[in-house]
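Here it is: the structure, laid out below.
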Amino acid sequence: MSTEQQTVVLTGAASPRGIGRATAHHLAEQGWNVGVIDLDQTASEQVSAEIREQHGVQAVGAGANVADEAAVRAAFDTIEAALPPIAALVNLAGVSSAHAYLDLPEGEWHRVLSINLDGVHFASLRAAQSMVRNGYGRIVNLSSVSAQRGGGTFSKTPYSVAKAGVVGLTRGMARELGHQGITVNAISPGPIDTDIMGGTLSEERKTAMAADGVLPRIGTPRDIAAAIAYLISEDAGFVTGQTLNVDGGLYMH
Ligand code: NAD
């Protein structure tokens with residue numbers, strides 16, 4: 001089936017400089033119809049309107065907190081009622097957390113885990129239930145190099161735990177859903193120049209990181225969008241349960 005007859009749903013695609021928005025545009029350029037789920041209804045609708053206008057595909061935005069399962073399911077219902085079948089889901093919604101472990105504010109552990117891990121589970125489960133009916137699906141989850149290195153870029157322990165959990169969720173789902181025609185993979189980005197880095201990526205720091213890196217630059221949202229486009233393509237049908245590091249060689253294993 002061609003992308004014009006399919007829909008990709010992206011959570012966390014409303015941030016103006018974020019990976020999700022760049023990915024939504026990149027996929028719409030390839031003909032995908034797009035469902036956007038982000039915290040704010042208006043922002044989600046604005047992104048989907050921008051996608052319709054710029055790329056001539058169908059797009060719908062639905063506001064939902066991914067940590068709220070009922071809200072996630074309602075957002076999928078809205079998208080599913082308006083667009084072609086959901087063939088792919090990209091879980092990008094996430095928050096950073098730069099608190100030191102010994103100084104974790106009350107509730108911070110739960111906040112970070114509920115958005116960055118529960119949220120991926122809620123959206124994936126809902127999407128997979130539709131995909132099983134269609135006998136086809138692609139799910140891509142955003143993990144992080146922090147999962148593998150225990151932080152070390154900006155976010156610290158609860159974020160690393162959540163992103164490591166995303167790798168386990170990816171592998172478990174991949175194993176259980178493969179016979180239903182669904183692949184599930186993760187992408188592990190290194191530092192990408194977006195607002196989630198809490199303004200810590202000054203020009204000076206970027207230059208220092210680039211000088212120190214295996215590749216002489218830091219990552220862009222487009223680097224991640226291109227990897228996502230591959231993993232949700234029909235051509236990636238024999239790739240599942242994997243974590244693809246898109247980090248300029250920061251973590252090699
Ligand atoms: P971003 O802050 O630009 O975008 C995150 C998006 O998630 C925003 O649109 C935000 O509104 C949305 N969001 C946050 N909480 C939400 C909630 N509860 N419900 C629904 N939506 C919510 O960040 P980004 O850099 O584009 O990050 C995208 C993903 O990539 C995240 O999962 C992040 O952890 C991961 N990642 C980013 C980097 C990086 O360096 N930028 C590195 C590794 C992994």
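Can you name the number of the only condition in (1) farther than 25 Å from Tyr251 by Cβ; (2) among the charged types (D, E, K, R); (3) within 10 Å of the ligand (Cβ to nearest atom) that Lys163 fails?
Going through (1) farther than 25 Å from Tyr251 by Cβ; (2) among the charged types (D, E, K, R); (3) within 10 Å of the ligand (Cβ to nearest atom) one by one, Lys163 breaks only (1).
Only one of Thr220, Thr170, Thr207, Thr240 is at pLDDT 95 or above, more than 12 Å from the ligand (Cβ to nearest atom), among the polar types (S, T, N, Q) and open to solvent by 20 Å² or more (accessible area, probe 1.4 Å). Can you tell me which? Explain how you work it out, then say what you get.
Values: Thr220 fails: more than 12 Å from the ligand (Cβ to nearest atom); Thr170 fails: open to solvent by 20 Å² or more (accessible area, probe 1.4 Å); Thr207 fails: at pLDDT 95 or above.
Of Thr220, Thr170, Thr207, Thr240, the one residue that is at pLDDT 95 or above, more than 12 Å from the ligand (Cβ to nearest atom), among the polar types (S, T, N, Q) and open to solvent by 20 Å² or more (accessible area, probe 1.4 Å) is Thr240.
Still on this structure: Of all the residues that make up region 1-42, how many are under 15 Å from Val66 (Cα atoms) and either without any contact (Cβ under 8 Å) to a residue 12 or more places away in the chain or not in a loop (DSSP other than H, G, I, E, B) (or both)?
So the answer is 9.
While we're on this one: So, in region 223-237, exactly how many residues are away from the ligand (no atom under 16 Å from the Cβ) and assigned to a loop (DSSP other than H, G, I, E, B)?
The total comes to 2.
Turning to a different aspect of this structure: Scan Ala67, Ala98, Ala71, Ala14 and give me the residue that is open to solvent by less than 40 Å² (accessible area, probe 1.4 Å), over 17 Å from the mean Cα position of the chain (by Cα), within 16 Å of the ligand (Cβ to nearest atom) and of a type outside the set (S, T, N, Q). Reasoning before the result, please.
On the way: Ala67 fails: over 17 Å from the mean Cα position of the chain (by Cα); Ala98 fails: open to solvent by less than 40 Å² (accessible area, probe 1.4 Å); Ala14 fails: over 17 Å from the mean Cα position of the chain (by Cα).
Result of the check over Ala67, Ala98, Ala71, Ala14: Ala71.
Follow-up. List pairs: first in region 181-197 and within 15 Å of Met209 (Cα to Cα) and outside any strand (DSSP E or B), second among the polar types (S, T, N, Q) and more than 6 Å from the ligand (Cβ to nearest atom), Cβ under 7 Å, 6+ apart or cross-chain?
Final answer for the pair search is Pro191/Thr153; Asp193/Thr220.
Let me ask you something else. Taking Ala62 as meeting all but one of (1) assigned to a loop (DSSP other than H, G, I, E, B); (2) out of contact with any His (no Cβ under 9 Å at 6 or more places or on another chain), write down the number of the exception.
(1)
Within region 125-146, which residues are open to solvent by less than 30 Å² (accessible area, probe 1.4 Å), touching a helix residue (DSSP H, G or I) at 6+ places or on another chain (Cβ under 8 Å), in a helix (DSSP H, G or I) and not polar (S, T, N, Q)?
Filtering region 125-146 down to residues open to solvent by less than 30 Å² (accessible area, probe 1.4 Å) leaves 126-128, 130-131, 137-146.
Restricting the remaining residues to those that are touching a helix residue (DSSP H, G or I) at 6+ places or on another chain (Cβ under 8 Å) gives 126-128, 130-131, 137-144, 146.
Keeping just the survivors that are in a helix (DSSP H, G or I) gives 126-128, 130-131, 146.
Of everything in region 125-146, those that are open to solvent by less than 30 Å² (accessible area, probe 1.4 Å), touching a helix residue (DSSP H, G or I) at 6+ places or on another chain (Cβ under 8 Å), in a helix (DSSP H, G or I) and not polar (S, T, N, Q) turn out to be Arg126, Ala127, Ala128, Met131.
May I pose another question? Can you name the condition, by its number, that Asn116 falls short on among (1) free of Cβ contacts under 8 Å to residues at least 60 places away in the same chain; (2) out of contact with any Gly (no Cβ under 8 Å at 6 or more places or on another chain); (3) under 17 Å from Asp68 (Cα atoms)?
(2)
The values are calculated or read from the model by the stated rules, or taken from the named source; none is laboratory data. What you see is a predicted model, and the numbers here were worked out from it, not measured in a lab. Methodologically, a virtual Cβ is constructed for each residue, glycine included, from the backbone with ideal geometry; neighbour enumeration extends over all protein chains shown. Quick note on the areas: whole protein, heavy atoms, side chains included, nothing else; ligands and nucleic acids left out. Shrake-Rupley method; radii C 1.70, N 1.55, O 1.52, S 1.80 Å.
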